[in-house]
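Some notes on the structure that comes next.
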Amino acid sequence: MNRRLHWLERALSLAIFGLVLFQMYQSTKVGVTPRGTAAREALQHLHISNGLTILALLIPRLWLWAKLPRPPRPTRVPPAADDLARGCSLALYLTLAGFCITGPMFAWTEGHSTSWFGALTAPSLLPESYRLSVTFGYLHSALGFLVIYLFVASVLVALWQALRYRIGPWRMLPAMSWGGSGAVDLAKTPVGWRVAHAASLAVILAVSAYTPYQIFGVVPFTTSKQLVASGPPPAVDPYLNVGVAPELSTQSQQDFMWCRFCHSFEQSGPHAVGPNLHRVFGRRAASAPGFYYSQAFVEAGESGLVWDEDTINTLIADPEKFLDGRHRMRYKPITDAEERRQIVAALKVATQ
């Protein structure tokens, strides 16, 4: 019986590993597809369905982990090293489960339905809420980075143990036998090694929690509430003579696509990582209703900063220098003046 369960365990591991690789690839496609488009909706639907499939496979996989007897460790491997290798694998599976659980939660708070390839639809357990979407979006993102970091840590542990103890590193791979012939695990891991393993995991957790802020500038909670009055409308409508969208170079098109990753442009569009930018030209900084800005943008708006071609051009020329970098917008400097001109013009057409 145990032999069959071990083969089932290996099959589940291999299926999970393959689906996770596909999910990571598909996540990159979602990120560069404009919000509000049919292509984005289709990718999100596939993303959620695939995540639910992974979760469905993880449940029996974790049950087998708890039910099956611990395999013998290779004779040359000390208990502390074997515990570390198994701990990396277990942490990776548990993190994947958390990642797949927070995905639907994030979708619900953004007002999306959660279904498995359209065949089964889960009832929404959380209300649509910008505040909740900020929290669950950050948690989902942090767990995604934790999956990556734990995977890297597992590979490094496998390679180190292969060199140090002269064993095959593939024992940590999906569908491979864990130990083979070896010693029964009677010896216990010393307390010092347990503390070191826990400290290493704590460092990985901390780095994973910080990464979404470092890369995207998002925080796991709403910060400075929008305090800036919209101010009087400009004397001349900035959108009065807007023409057709300019032809974008390949690089400008790529950079403009990332604008759509963080912002929506349509009227009454949702806030995302950044605020909705509908009719942003002529608008005072930090005045989009319902968005929670950094204190730097709140202070700038109260001081009279208005978004126009010049201020937006200055911002994207070097975001880290704009307002001394005290805001949360993260993007590389766009140093080419012609590229900035194209992006600003395209933004004006898209947000009118």
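The values are calculated or read from the model by the stated rules, or taken from the named source; none is laboratory data. Here the structure is a predicted model, which means the values were calculated and not measured. Don't worry about glycine lacking a Cβ; one is built from the backbone with ideal geometry, like all the others, and counts go over all protein chains shown.
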Only listed residue being at pLDDT 95 or above and surrounded by 15 or more Cβ atoms within 10 Å (Cβ to Cβ), chosen from 87, 98: 98
Checking residue 240 against (1) assigned to a loop (DSSP other than H, G, I, E, B); (2) under 27 Å from the mean Cα position of the chain (by Cα); (3) without any contact (Cβ under 8 Å) to a residue 24 or more places away in the chain, the condition it does not meet: (2)
Test result for residue 28, closer than 21 Å to residue 152 by Cα, modelled with pLDDT under 90 and β-branched (Val, Ile, Thr): yes
Leading residue by the ranking (farthest from the chain's Cα centre (by Cα)) among those in segment 1-26 that are surrounded by 14 or more Cβ atoms within 10 Å (Cβ to Cβ) and of a type in the set (Gly, Ala, Ser): 11
Cβ-Cβ under 6 Å, sequence separation 6+ or interchain: first residue in segment 209-229 and in the same structural domain as residue 140 (by TED's automatic domain parsing) and outside any loop (DSSP other than H, G, I, E, B), partner modelled with pLDDT of 85 or more and among the small types (Gly, Ala, Ser). Which pairs? 209/142; 212/141; 212/142
Please go through segment 314-341 and give me each residue that is free of Cβ contacts under 8 Å to residues at least 24 places away in the same chain, assigned to a loop (DSSP other than H, G, I, E, B) and closer than 20 Å to residue 275 by Cβ, ordered by number. 319, 320
Members of segment 227-248 that are surrounded by 13 or more Cβ atoms within 10 Å (Cβ to Cβ) and farther than 19 Å from residue 309 by Cα: 227, 228
Residue 311 meets each of (1) over 21 Å from residue 229 (Cα atoms); (2) surrounded by fewer than 17 Cβ atoms within 10 Å (Cβ to Cβ) with one exception, condition (1)
Kindly indicate whether residue 340 is surrounded by 15 or more Cβ atoms within 10 Å (Cβ to Cβ) and among the charged types (D, E, K, R). yes
Count, please, the residues in segment 254-285 that happen to be in a loop (DSSP other than H, G, I, E, B) and within 23 Å of residue 325 (Cβ to Cβ). 10
Any residue in segment 1-17 that's at negative phi: show its pairings with residues that are outside any helix (DSSP H, G or I) at Cβ separation under 6 Å, as long as the two are six or more apart or on different chains. 5/68; 10/175; 13/174; 13/175; 14/174; 14/175; 17/174
Residue that is farthest from residue 266 (Cα to Cα) [pool: residues in segment 286-302 that are out of contact with any Asp or Glu (no Cβ under 9 Å at 6 or more places or on another chain) and in a loop (DSSP other than H, G, I, E, B)]: 294
